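Participant: Submitted below is the structure of interest, expressed as structure tokens.
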Amino acid sequence: MPERLHPHYYTADVITDILSTGASSRLNQRLVKESRAFVQADAYISGSNETGILVIEGRLAENTLPEKAEALIREELDRLIKELVDEKELRKAKNKMLTYMNFSDANLLNRISSLAYYEMLGDAWLINKEEAQYEAVSSEDIQEFAKQYLVASKSNTLLYLAAKKSR
């Protein structure tokens, strides 16, 4: 995952919203509702002024094998590599993100924190360019990002399994 000031940062952020923001998100629809392999699934980025990570996590349904869960997630990532995100889905993700940003910045303390963060990155004026950066993300950008970053060879998996209960 690229650092915060890299243009791909915004693409990664939009991807995680497509994957997991809202009831109609891809992970919620396919992993929770359709396959019932997960009881919850989420995607997010950890980005700061340094290189970060894109995280996909979930809580498995009781009888789901970790290998099946990992394969289902891989299918969703492969869809991003092989297929363009349709314009309606992209617009929906951007609208949610921009609405959240605008409501968040309506709070004075949040706005001050954002300004301080951008100043720490080197230029407080960047806050005024952020919306345009998100708006500029295209379906083609998402596919190119997926081809570059979301390939299996760059993935790490951590399984955190509950201990079996003894009777």
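Participant: State yes or no: is LYS96 open to solvent by 50 Å² or more (accessible area, probe 1.4 Å), out of contact with any strand residue (DSSP E or B) (no Cβ under 9 Å at 6 or more places or on another chain) and free of Cβ contacts under 8 Å to residues at least 40 places away in the same chain?
Facilitator: no
Participant: Here are some conditions: (1) more than 16 Å from the chain's Cα centre (by Cα); (2) modelled with pLDDT of 95 or more; (3) over 23 Å from TYR160 (Cα atoms). ALA12 meets all but one. Which one does it not meet?
Facilitator: Condition not satisfied by ALA12: (1).
Participant: Only residues in the stretch 36-53 that are of a type in the set (D, E, K, R) count as the first member; pair them with residues that are in a loop (DSSP other than H, G, I, E, B), Cβ under 9 angstrom, at least 6 apart or cross-chain, and list the lot.
Facilitator: Going by the 9 Å Cβ cut-off, the qualifying pairs are ARG36/ALA61; ARG36/THR64; GLU50/GLU3; GLU50/ARG4.
Participant: Which ones in the stretch 16-65 are small (Gly, Ala, Ser) and under 24 Å from LYS92 (Cα atoms)?
Facilitator: SER20, GLY22, ALA23, SER24, SER25, SER35, ALA41, ALA43, SER46, GLY47, GLY58
Participant: Within the stretch 25-51, which residues are assigned to a loop (DSSP other than H, G, I, E, B), farther than 21 Å from ALA69 by Cβ and either open to solvent by 50 Å² or more (accessible area, probe 1.4 Å) or of a type outside the set (Ser, Thr, Tyr) (or both)?
Facilitator: Result: GLY47, ASN49, GLU50, THR51.
Participant: Another question, then. Quick test of your reading of the structure: LEU161 fulfils all but one of (1) modelled with pLDDT of 90 or more; (2) among the aliphatic types (A, V, I, L, M); (3) assigned to a loop (DSSP other than H, G, I, E, B). Name the failing condition by number.
Facilitator: With (1) modelled with pLDDT of 90 or more; (2) among the aliphatic types (A, V, I, L, M); (3) assigned to a loop (DSSP other than H, G, I, E, B) applied to LEU161, the lone miss is (1).
The values are calculated or read from the model by the stated rules, or taken from the named source; none is laboratory data. Fair warning: this is a prediction, and the values are worked out from it, not measured in the lab. Positions of Cβ are backbone-derived with ideal geometry, glycine not excepted, and every protein chain shown enters the neighbour counts. Just so you know, the surface numbers come from the protein's heavy atoms only, side chains and all, with ligands and any DNA or RNA stripped out. Shrake-Rupley method; radii C 1.70, N 1.55, O 1.52, S 1.80 Å.
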